[in-house]
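Q: Input: one structure, supplied below.
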Amino acid sequence: MISVIIPAFNEEARIGTTLANVLLQRPLEVLLVDGGSHDATTAIAAATEGVQVLNADRGRARQMNAGAAAARGDWLLFLHADTLLPAVALARIAALPESVLAGAFRHRFSGDDWRLRLISRLDNYRSQFTKIAFGDQALFVRRTLFERLGGFPLCDVMEDVAFGERLRAATAPVLLREEVITDSRKFEQMGVWASLMRVGLLLLCHRLRLPLVGRAFFREVR
């Protein structure tokens, strides 16, 4: 069984579409973990048949860990609230051989901006080369391995990369050819090249174990 875990915070404008996209694939378990939204996010999720709503302290790592602790699936799939799965996502995961312990999907931004298409292409090359996926690539991992690794590190930011490093040390995650589609609002509102530079700085600081700069990229954009 695949458990789909969705951390959310003030995503009323997009959560309905994300949930509908997931439920079309008839997953056996969908858990939305809210981090204290003060909009209609939880109301929309609670009114959606087949969705279990949980609450956790705000912070994507904490929310995803809380969802994983409550999940019953053999596979855990972590999906951002503004990201749409490919139509065959769950079927592809279910068909993976037992030797595959983790993976993610290729990434694409919504919209037609050539700069965003270029960034997605570069990000896919990065993921394939480093074996580390960003959180908006719908990371999936077998429950046994997730628990053995201790879940997501409790970082304020970059929890996806920190966990990806642990994951890479334990196995060889696969990158499936199908694409997830992430809402491009943050890059568009904060500036495409400025956002790319901030992400690059964050990755460099994380790599060199320096204080993280570029945190403005993680401020709330709705």
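Read-outs throughout are calculated quantities, based only on the coordinates presented, and are distinct from any laboratory measurement. Every value quoted in this text rests on a predicted model; they were computed, and no experiment measured them. With ideal geometry, Cβ positions are generated from the backbone for all residues, glycine too; neighbour counts draw on all protein chains shown.
Q: Along Cα→Cβ, 7 Å out, is where each label goes; now give me the distance between the ones at Leu145 and Ala47 in nm to one decimal.
A: About 3.9 nm separates the two model spin labels.
Q: Listed highest first by mean packing, meaning other Cβ atoms within 10 Å per residue, what order do 122-128, 50-56 come in?
A: Result, highest mean first: 50-56, 122-128.
Q: Among Met190, Met64, which comes first, second and so on when ranked by fewest other beta-carbon atoms within 10 Å?
A: Arranged by neighbour count, lowest to highest, Met190, Met64 become Met190, Met64.
Q: Could you derive backbone 3J(HN,Hα) for the range 147-153 from the dihedral phi with the Karplus parameters 6.51, -1.76 and 1.60 (θ = phi - 60°), listing whole Hz in sequence and x where the residue is Gly or Pro?
A: 5, 5, 7, x, x, 6, x
Q: What is the set of long-range amide H partners of Arg106 at a cut-off below 5 Å, with H atoms built 1.01 Å from backbone N?
A: Here Leu176, Glu178, Val180 satisfy the definition.
Q: Follow-up question, since we're still on this one. From the helices alone, meaning DSSP H stretches of at least four residues, give me the mean residue ellipticity at 222 nm for the chain, per-run term -39500 (n - 2.57), in deg cm²/dmol to the nearest 500.
A: -12000 deg cm²/dmol
Q: Moving to a separate point now. Please list 3J(HN,Hα) in residue order for the range 28-34, calculated via the Karplus relation 6.51 cos²θ - 1.76 cosθ + 1.60 where θ = phi - 60°; whole Hz, with x for glycine and proline.
A: 7, 8, 10, 10, 9, 10, 8
Q: OK, next. When N is the residue count of the range 2-188, what does its C-alpha Rg come to as a fraction of 2.2 N^0.38 Å?
A: Here the Cα radius of gyration is 0.95 times the empirical estimate.
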